[in-house]
Structure formats: C-alpha cells, structure tokens
1. So which helices (runs of 4 or more DSSP H) stay within segment A:25-130 end to end and still have 3 or more residues that are facing chain B (nearest Cβ under 10 Å)?
2. Please identify the pairs in which a residue from segment B:37-50 that is farther than 14 Å from residue A:164 by Cα and not assigned by TED's automatic domain parsing to the domain that holds residue B:24 has its Cβ atom under 6 Å from the Cβ atom of a residue that is exposed (fewer than 11 other Cβ atoms within 10 Å of the Cβ) and modelled with pLDDT under 90, counting only partners at least 6 apart or on another chain.
3. Between A:262, A:305, which is crowded, with 18+ Cβ neighbours inside 10 Å and within 21 Å of residue A:187 (Cα to Cα)?
4. Name the residues in segment A:157-176 that are surrounded by 18 or more Cβ atoms within 10 Å (Cβ to Cβ) and at the interface with another protein chain (Cβ under 7 Å from one of its Cβ atoms), would you?
5. Restricting attention to helices (runs of 4 or more DSSP H) lying wholly within segment B:126-200, give those where 1 or more residues are buried (at least 20 other Cβ atoms within 10 Å of the Cβ) and within 20 Å of the chain's Cα centre (by Cα).
6. Name the one entry in B:233, B:205, B:216 that is closer than 23 Å to residue B:70 by Cβ, assigned to a helix (DSSP H, G or I) and facing another protein chain (nearest Cβ under 10 Å).
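The values are calculated or read from the model by the stated rules, or taken from the named source; none is laboratory data. Being a predicted model, the structure only gives us computed values, none of them experimental. Here the Cβ positions follow ideal geometry from the backbone for every residue, glycine too, while neighbour counts run over all protein chains shown.
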C-alpha cells in the first residue's frame with residue numbers, strides 16, 4: 001500500500017466527486033503521492049499491530065502453543081482440535097451464555113437509561129443542563145479499573161454501603177442478613193454488580209449522543225405534534241425515534257461491541273480464580289495466560305470465536321455508517 | 001402547573017447528577033477517612049476527621065514497595081508518548097482524508113471503522129508472542145507501540161472533522177502568496193486545527209492512561225508497572241485496605257476526569273458530528 005503511485009496512474013479517468021480537489025495546483029507530484037504518503041505511517045502501524053495479529057490469531061487457533069513453544073520450539077499443528085475441544089465443552093457454552101445475557105441486559109439498560117438522560121438534558125434549562133451533563137461526564141471519564149474497584153467497595157462485605165443500605169430497608173421488602181452478603185461469591189450477584197458498574201459508565205455516552213441528536217431536530221415538529229394532541233410518549237416514538245434512528249443504530253452496535261468484550265471490570269471483580277463467572281474474553285485470557293501451563297492456541301481459538309461474533313456486529317455498524325455517508 | 005413541571009425536571013436532573021458523581025465522591029471521601037470511619041457500621045457521606053494517612057502511605061511506597069511516583073512516571077511517559085506519536089500520525093492521515101480525494105480513501109475510512117471495533121482483548125495473545133520474539137516484553141517501549149496503534153484510528157476519525165472545517169481558501173491564499181505545502185501546513189492549517197488536536201490528544205492520553213489488559217500481561221518487573229496495574233496488584237493483595245486503595249484510585253482518576261471535563265464538548269462534537277448531519 002506504500003507504493004500506490006501506479007494505482008493512481010492507472011486510473012486517469014476517475015473523477016473526484018468534489019471539484020475542489022481538482023483545482024489547478026502547482027504541486028503536481030505532491031497531489032499525486034501526497035495523500036498516500038500521509039496515510040502510509042498509519043496504514044503500516046495498523047497493518048502490523050492490528051491486522052497481522054488477527055491473522056496470527058487465526059493461525060494459532062489451529063495450533064498447539066504452550067510452554068515448549070514459548071521456549072522457541074515451532075508450533076504444532078493440531079487441525080481443528082482446539083475448536084472441537086471448546087465446542088464440546090459445556091463450560092464454553094456457559095461462558096458464551098453469560099457473555100450474551102450480560103450484553104443483552106447491559107445494552108438494554110444502557111440505552112433506556114442513557115436515552116432518558118439525554119431527553120432530560122434536552123428539557124432542562126441551559127445552565128442546569130450543562131451542570132448535569134458535567135456530572136454525567138464524571139462517570140464516563142472514570143477509568144475502568146477504578147470504576148470496578150469503587151463498585152467492589154460499594155458492594156463490599158465489611159463497610160460496604162450497599163449491604164448497609166439493604167440492611168436498613170425493611171426485611172419484608174428485601175429480606176434480611178445483608179450485612180455479610182458476599183456479592184462476588186457466585187456468578188449472578190457478580191454480574192449484577194458488573195451490570196450496574198458498566199451501565200453507570202456507558203450511559204453518559206448514550207445520553208450525550210442522544211442530546212446532540214435532539215439538538216439537531218427542528219422544534220416545529222414537536223409543536224405540531226402537541227397541537228395535534230400527542231403526548232410525550234407518542235411524540236418520542238413518532239418523531240424523535242424515527243429521526244434519530246441512525247444514531248440509535250450506531251449506539252446499539254457500539255454498546256453491543258463494548259459490552260460483549262468487557263474484560264477489565266470483570267477481571268477485577270471476579271478475578272481469574274472464579275471460573276464460574278467467566279465471560280468469553282476472560283475465558284480466552286485465562287486459557288492463554290491463567291496457569292503455569294499456558295494454552296495459547298486454545299485461548300486463540302476462543303478469542304477467534306469472540307472476534308468472529310463481533311465482526312458480524314461490526315459489519316452491521318459499517319453498513320450503517322456507509323449509508324449515512326460517514327465514509328464520504 | 002408549568003412551574004411544578006419545571007421543579008420536577010430540575011429535581012430529576014439533580015438526581016441524575018447525584019447518581020453519576022456519587023461513586024466517585026464516595027471514593028474520594030473514603031480516601032480521606034480514618035480506618036475507624038471506613039469500617040463503621042453507620043457510614044457517613046463525609047469524613048468526620050479527615051486524614052491524609054492513606055495518601056501518605058500510597059505516595060511513599062507503603063502499599064506496593066515502590067513509591068507511587070515511579071508508577072506515575074511510567075504511566076505519564078506512556079501517555080505522553082502515545083499522544084505525541086498518535087497525534088502526529090492522525091494529523092497526517094486526517095489531512096489526507098479531509099483534503100484529498102484518492103483511490104482507497106473509502107477503503108481507508110472503512111478500515112478505520114473496522115479496526116476500532118476489533119476486540120483488543122483478543123489481540124493480546126498474538127501481540128504477547130510477537131513482542132516476546134522481539135524481546136520487547138516487559139518494556140514500556142513495547143507497550144507504547146501497541147497503545148499508538150489503538151489510539152490512532154479514533155484520533156483520525158475525530159480529527160478529520162476538524163481539518164475539514166478549516167476553509168480551504170485559506171490554504172489556497174497561502175499557496176498563492178508563495179508558501180509551499182509544508183509551510184502552509186504549519187502556518188495555516190496547524191494553528192486552526194490546534195483546538196481539535198488538543199481534544200484528540202486528550203482522548204489518546206486517556207486511552208493510554210487507563211489501559212489495563214496489555215500492561216497487565218506484558219509487564220513483569222514491578223518497577224515498570226503503570227498506575228492501573230499497581231492499583232490492581234494492590235487490590236488483589238490487600239483487598240480490604242480500602243483507605244489506601246481509594247487514595248490510590250483517587251490519584252489515578254482525578255487527572256482523567258479533569259482532562260475529560262476540559263474537552264468534553266469538543267469530543268462529543270467530534271464523535272457525533274457526522275451522525276447527526278442527517
């Protein structure tokens with residue numbers, strides 16, 4: 001891709017859609033090679049550090065890569081043995097189920113709460129809106145490691161605020177004995193905390209994107225809807241949602257991708273020893289690095305499954321973006 | 001009726017604000033509480049007797065043998081390196097896509113989109129082996145290269161809007177006045193894109209500053225740990241020392257929040273500029 005000059009020469013008939021780029025200029029060679037030279041470093045970096053590793057991941061998923069290979073011996077081809085092993089293992093399906101369920105719950109919660117926050121920000125006065133948006137940004141800005149640790153503390157056993165609060169509530173409502181409840185002992189409570197943590201962090205992005213979209217909508221539409229007697233619920237589904245559908249599409253896809261591969265937060269909360277709480281990315285990681293007998297080939301196979309699922313989602317995303325003219 | 005509604009809206013706004021900032025406030029508040037208050041059976045929102053003991057412990061190496069400053073230095077070096085290199089690459093590429101029509105332009109843009117969606121968690125295995133082969137494991141340089149690759153695609157995506165917003169006539173005028181392309185770039189384009197560059201830089205900074213899985217996997221030597229790794233290490237080893245853990249978390253988090261609030265509006269504009277153009 002670096003020597004792209006011939007490709008340009010071969011296409012003399014290609015007309016630039018905008019006339020501007022064709023303006024007469026004195027720097028002819030600059031114009032011809034210019035853009036390629038400008039993107040060349042980026043292309044090299046991405047090819048070497050992102051595309052090539054994906055290829056390697058594909059190759060390694062058909063190999064046995066363990067301690068011996070780490071010492072320099074060549075990798076052993078094992079055909080589809082890695083895939084047979086994981087697909088035949090109920091544990092893989094358990095992690096996949098947990099990954100998917102978590103993504104569904106977290107994405108739904110993020111979008112609903114984020115959209116409500118966006119709508120609210122749009123209705124508030126200017127100063128108040130800025131103030132609240134600033135606060136919401138704090139959640140977004142918090143590093144994932146810190147967020148996971150803060151929520152571990154909030155849901156902790158000794159001195160944890162949530163258990164203290166649940167204990168204060170009437171036992172008839174929430175049951176008793178919360179003060180010693182360990183949220184990280186089994187998968188469901190762990191994922192509950194994880195969901196709260198991830199939703200807390202990802203709502204702001206949705207809220208702010210929805211707000212930006214709402215600001216671009218003409219106010220007359222709502223005026224007309226109100227005159228016609230439509231309530232806020234109807235106005236949202238008949239006006240806001242259809243007009244902002246492209247934004248919602250992008251937000252859904254991005255949230256699915258982010259929540260599908262969530263790693264850091266779960267790693268901090270569950271750790272590598274708590275296998276029952278694994279999702280796909282933690283499972284892949286633990287196979288590859290989790291023990292003294294690393295199975296990097298097996299880890300690659302799991303990671304490849306994860307990548308393949310996300311590539312399908314990405315394909316939807318790219319289609320939406322191209323349709324919206326984002327790549328023009 | 002109208003006044004009532006306004007009150008309800010503002011109350012909802014305040015509630016959202018409180019939910020959003022509460023966990024962070026609780027972190028800071030815990031960091032300043034003496035242990036007796038941290039483990040009290042009746043937690044209070046603010047420390048009754050604020051103390052700096054936890055910060056003192058963190059800053060002077062009481063929690064992970066190595067003083068905090070060493071980790072801070074590693075994190076800062078990585079973040080600054082990522083910012084410098086990725087901004088430069090992004091500026092060049094963003095100029096290309098915003099200013100030129102060329103073959104593979106659309107391919108390039110689609111590639112940027114796809115690359116942002118690749119689960120980097122999956123790439124940690126091959127990159128680990130690659131860096132091992134190159135003897136670059138357990139070095140900040142190896143991490144830096146990886147961080148640059150992660151930061152560049154988004155930086156280009158964001159920056160191209162800023163470059164496109166600079167009126168072309170300005171550059172043409174400079175060219176007519178006899179300025180070469182390099183000079184035009186530095187005297188016309190760069191100053192005008194500078195605000196966008198700041199916003200993109202801060203985003204790259206945060207990418208590197210917050211990164212966890214690669215640093216955790218690649219770094220072995222405790223002297224080379226970055227702040228998130230130090231925090232995790234300490235959390236894993238002494239999970240109940242919430243005072244020092246929250247003090248360390250505060251020190252890791254506050255710079256990011258400060259930066260983030262600084263550029264939030266521009267960043268959001270860059271993120272959603274295209275999505276709303278209709």
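1. A:28-46, A:52-60, A:90-123
2. That search, which allows pairs on different chains as well, returns nothing.
3. A:262
4. Of everything in segment A:157-176, just one residue is surrounded by 18 or more Cβ atoms within 10 Å (Cβ to Cβ) and at the interface with another protein chain (Cβ under 7 Å from one of its Cβ atoms), namely A:159.
5. B:140-165
6. Only one candidate qualifies: B:216.
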